[in-house]
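Structure record follows, encoded as structure tokens.
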Amino acid sequence: MSAATGAAGGRDPRFDILFEPVRIGPVVARNRFFQVPHCNGMGHLRPRAHAAMRGVKAEGGWAVVSTEEVEIHPSSDLSPYVEGRLWDERDVAPLALLADAVHAHGALAAIELVHAGINSPNHHSREDALAPSHSVSPHGYAPFQAREMSRADIRAYRDWHRTAALRARRAGFDVIYVYAAHDLSLAMHFLLSRHNHRRDEYGGLLENRVRILRELVEDTREAVGDRCAVAVRLAVDEKLGAAGLQADGEGRDIVAMLAELPDLWDVNVSGWANDSATSRFAPEGHQEDFVRFVKRVTSKPVVGVGRFTSPDAMVAQIRRGVLDFIGAARPSIADPFLPRKIETGAIDEIRECIGCNVCVSGDYTATPIRCTQNPTMGEEWRRGWHPERVPVSARPERFLIVGSGPAGLECARVLAARGHEVQVADTAREPGGRVTRESRLPGLAAWARVRDYRLAALRRSARVGLYLDSEVSAELALDSGAQRIVIATGARWRRDGVGRANRLPVTGFDSPAVLTPEDLDRGLRPRSPVVVFDDDHYYLGGVLAERLRAEGLEVTLVTPAPLPSAWTVNTLEQRTIHRRLLELGVDLVVNANACGFDGERLRIECTITGRQSLRPAANVVTVTSRLPEEELLRALAADPGRLEAAGVVSLAAIGDCAVPGTIAAAVYSGHRYAREFDCAGGERPEPLREYAALD
């Protein structure tokens, strides 16, 4: 048996338009929800996990479910990044698993064929990288170049693409993409004059630079167009002004030249950081101004994205003639059942994307995808987790969860769905823990959705009691009648500067002039000049510097990393954060470690040369590492006999109280405990693994 999202009162008629079928060439999508291609860190290495993840989305109501970019040849080897692969016939069967999983729920399966051209590192294949003209990679700092393609290379490229399309059809795909977006594909490199310096029929005038894209579409239609729809994914604007494609210039001209050739246009802005901008820097529907022209140029259906989670916003896009399909990558990750919930009237059960791009970090770290909102993402096959169903426990128990942060709320939600009685207590006057505090920072308001989704679920349950402004001592916990006690009290930022760069406390950081993020949240206001010492390297140091600067303070951000908020390279926002700080006038000091503070000046040391210097600082805000708030846990664990006498079967810590980490990690921790606390034999099950077959 299992517990699932409850049925609601039926679909609101205002949203009927979202569930109209739409023809795409020779195939028909059952509604207007289109999961556009997105990376996932599973691809060709983990085909069963990949298929299960996409299959759940089809089950959730997406009419079209796409792969990520799928390499068509060894000269487009993206290793160590884990993408799809169609190099030869051996790659057909793994991709057929995905197509079958999608078809099992009545959806169309789409595949995005790609040759990455200049962006192909070919670390594994050691093939030459190919490009329209001799050039270096525009991404990263790898010491390699791509060679200019001869006419024979171009003929070979067209043949590789055609062969891959035929293989994709044999694998069962219904929609075949020709990919020319994000500055990540050879087809787009030919379009761009900054990459294409050719003087033959494939270079120079736009008509010539479009030639290869036209030929790829024509080749694909000829090869598979009788049964498969042919889609073009095109970046119509690069947000580079005259230095790149523009929607009111060559971007529009390209669509006009090929208007009726494909069966579907999938349009967006490039590069990937613009297309998948975080909620901190872009609102829902932020691409409309760039893509609204497309439907005026072509009669073919158009799909676009904009981190859509509101059905009203979706309907508005359709009725205003901006889009035919509501495209989504990140919203489909946060809630694979988003279409089904709109269809059944369960709007308040949508798990809305918060736009944090933790999902993107999986691709950048070559690991399976994860999501802050949806802890089951990437675990559908290897752990058997479903986003809407959890196994009902054979014997309901009573739980006390101390802490209402992301881990505690998610744990309570899942335990209640499994049939248990849950009491959640927190000393805070409002629930949400760090999510509530951080959602007040500049640009992070959407992060409150992590709290709000879970609170809404708890309010719908009769099995959960939430008690705020409630101090829980060891005695009260033992007297609660709970059979299982879960400590989710979070963590606090260290004041002493200990982190990655300093394994021992920094001299002088015991000064009252040294503040933590919690001090700022309590309303303490630093004096100018203030130094933010960021040895955490994720978003918080940068966003606190932004907040303090907006309050009129003179702010310096010091970090041992070579970039401010360095880890956000993995969430596509480091450059945007960097630019924002510079534009605000924050003084950035990189490759510098804090090594002493005398109450007025911070001593810093260059991490490269070891040279030291002094920075004026009336206050220092230290963002380095955190310590679990584990006093209650220690008090309870100190006397196992008292636990047993009180009828407590188990005591556990989850989330930041167990291991301080990201909000995504905290949600996952709470979810996993609630699913697995009663595993047979007390041992958590090992996740399934995929093994490469030996020839």
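Look through G403, G378, G384 and report the one residue that is surrounded by fewer than 24 Cβ atoms within 10 Å (Cβ to Cβ), at positive phi and modelled with pLDDT of 95 or more.
Just one listed residue meets the conditions, G384.
Looking at E260, E238, can you tell me which residue is buried (at least 18 other Cβ atoms within 10 Å of the Cβ) and either modelled with pLDDT of 95 or more or among the polar types (S, T, N, Q) (or both)?
The match here is E238.
Tell me yes or no: at least one residue of the stretch 477-498 is of a type in the set (G, A, S), closer than 23 Å to F597 by Cα, touching a residue at least 40 places away in the same chain (Cβ under 8 Å) and buried (at least 17 other Cβ atoms within 10 Å of the Cβ).
Taking the stretch 477-498 and keeping what is of a type in the set (G, A, S), we get 477, 480-482, 488, 490-491, 497.
Still in the list and also closer than 23 Å to F597 by Cα: 497.
Now narrow it down to the ones that are touching a residue at least 40 places away in the same chain (Cβ under 8 Å): 497.
Filter once more, so that each one left must be buried (at least 17 other Cβ atoms within 10 Å of the Cβ): 497.
Looking through the stretch 477-498, at least one residue is of a type in the set (G, A, S), closer than 23 Å to F597 by Cα, touching a residue at least 40 places away in the same chain (Cβ under 8 Å) and buried (at least 17 other Cβ atoms within 10 Å of the Cβ).
Anything in the stretch 84-98 that is small (G, A, S) and surrounded by fewer than 24 Cβ atoms within 10 Å (Cβ to Cβ)? List them, or say none.
A93, A96
So which residues in the stretch 412-444 are farther than 18 Å from E630 by Cα, outside any loop (DSSP other than H, G, I, E, B) and in contact with a strand residue (DSSP E or B) (Cβ under 6 Å, 6 or more places away or on another chain)?
A412, V414, L415, A416, A417, E421, V422, Q423
Assigned by TED's automatic domain parsing to the domain that holds G25, over 30 Å from I347 (Cβ atoms) and either buried (at least 24 other Cβ atoms within 10 Å of the Cβ) or not hydrophobic (A, V, I, L, M, F, W, C) (or both) - does that describe any residue in the stretch 277-294?
Looking for residues that are assigned by TED's automatic domain parsing to the domain that holds G25, over 30 Å from I347 (Cβ atoms) and either buried (at least 24 other Cβ atoms within 10 Å of the Cβ) or not hydrophobic (A, V, I, L, M, F, W, C) (or both), one finds none in the stretch 277-294, hence no.
Please state which one of R398, R389 is touching a strand residue (DSSP E or B) at 6+ places or on another chain (Cβ under 9 Å), surrounded by fewer than 22 Cβ atoms within 10 Å (Cβ to Cβ) and more than 23 Å from A652 (Cβ to Cβ).
The match here is R389.
Taking into account only those residues within the stretch 167-180 that are small (G, A, S) and touching a helix residue (DSSP H, G or I) at 6+ places or on another chain (Cβ under 6 Å), which is surrounded by the fewest Cβ atoms within 10 Å (Cβ to Cβ)? Before the answer, list the steps.
At the first step, the residues of the stretch 167-180 found to be small (G, A, S) are 168, 171-172, 180.
Checking the rest, the ones that are also touching a helix residue (DSSP H, G or I) at 6+ places or on another chain (Cβ under 6 Å) come to 171-172, 180.
Values: A171: 20, G172: 18, A180: 30.
Within the stretch 167-180, the match that is surrounded by the fewest Cβ atoms within 10 Å (Cβ to Cβ) is G172.
Could you please find all residues in the stretch 503-528 being under 19 Å from A545 (Cβ atoms) and of a type in the set (D, E)?
Residues satisfying the conditions are E518, D519, D521.
Determine the pairs where a residue that is in a helix (DSSP H, G or I) and surrounded by fewer than 24 Cβ atoms within 10 Å (Cβ to Cβ), located within the stretch 154-166, has a partner that is modelled with pLDDT of 95 or more and of a type in the set (A, V, I, L, M, F, W, C) with Cβ atoms under 6 Å apart, the partner being 6 or more residues away or on another chain.
What qualifies is W160/I72; R162/A223; L166/A223.
Taking R11 as meeting all but one of (1) within 30 Å of R413 (Cα to Cα); (2) in contact with a Lys or Arg (Cβ under 6 Å, 6 or more places away or on another chain), write down the number of the exception.
Every condition holds for R11 apart from (2).
Looking at S361, S332, which one is closer than 14 Å to V56 by Cα and of a type in the set (G, A, S)?
One residue alone meets the criteria, S332.
Provide a single number: the residues in the stretch 602-624 that are assigned to a strand (DSSP E or B) and crowded, with 18+ Cβ neighbours inside 10 Å.
Initially, the stretch 602-624 is screened for residues assigned to a strand (DSSP E or B), giving 602-606, 612-616, 619-623.
With crowded, with 18+ Cβ neighbours inside 10 Å added as a condition, the list becomes 602-605, 615, 619-623.
Residues in the stretch 602-624 being assigned to a strand (DSSP E or B) and crowded, with 18+ Cβ neighbours inside 10 Å: 10 in total.
For (1) of a type outside the set (V, I, T); (2) under 23 Å from the mean Cα position of the chain (by Cα); (3) on the phi > 0 side of the Ramachandran plot, each residue gets a yes or a no:
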| residue | (1), (2), (3) |
| --- | --- |
| M257 | yes, no, no |
| P262 | yes, no, no |
| W265 | yes, no, no |
| V269 | no, yes, no |
| W272 | yes, yes, no |
| D275 | yes, yes, no |
| P283 | yes, yes, no |
| E288 | yes, yes, no |
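Could you tell me whether H161 is in contact with an Asp or Glu (Cβ under 6 Å, 6 or more places away or on another chain) and over 29 Å from R340 (Cβ atoms)?
No.
What number of residues within the stretch 629-655 satisfy the criterion of being β-branched (V, I, T) and over 18 Å from A425 (Cα atoms)?
1
Go through (1) assigned to a helix (DSSP H, G or I); (2) over 29 Å from V424 (Cβ atoms) and name the single condition R527 misses.
With respect to (1) assigned to a helix (DSSP H, G or I); (2) over 29 Å from V424 (Cβ atoms), R527 is out only on (1).
Residues that are within 25 Å of A416 (Cβ to Cβ), at least 3 per element: which helices (runs of 4 or more DSSP H) completely within the stretch 629-695 meet that?
Passing ranges, in order: 631-637, 663-676.
Residues are listed down the side, and each one gets a yes or a no for (1) modelled with pLDDT of 95 or more; (2) under 30 Å from the mean Cα position of the chain (by Cα):
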position: R615; (1), (2): yes, no
position: D639; (1), (2): no, no
position: A645; (1), (2): yes, no
position: A658; (1), (2): yes, yes
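For the stretch 445-461: of the residues being in a helix (DSSP H, G or I), among the charged types (D, E, K, R) and in contact (Cβ under 8 Å) with a residue 24 or more places away in the chain, which is farthest from T278 (Cα to Cα)?
R454
Return the total of residues in the stretch 540-565 being without any contact (Cβ under 8 Å) to a residue 60 or more places away in the chain and closer than 15 Å to L441 by Cα. Give the derivation first.
First, the residues of the stretch 540-565 that are without any contact (Cβ under 8 Å) to a residue 60 or more places away in the chain: 542, 545, 549, 551-555, 557-559, 561-565.
Still in the list and also closer than 15 Å to L441 by Cα: 542, 545, 549, 551.
So the count comes out to 4.
If you take the residues of the stretch 326-361 that are part of a helix (DSSP H, G or I) and polar (S, T, N, Q), which of them is surrounded by the fewest Cβ atoms within 10 Å (Cβ to Cβ)?
Per the criteria, the residue is S361.
The values are calculated or read from the model by the stated rules, or taken from the named source; none is laboratory data. Note that this is a predicted model, so its numbers are computed, not measured. Glycine also receives a Cβ, built like all others from the backbone with ideal geometry; neighbour counts cover every protein chain displayed.
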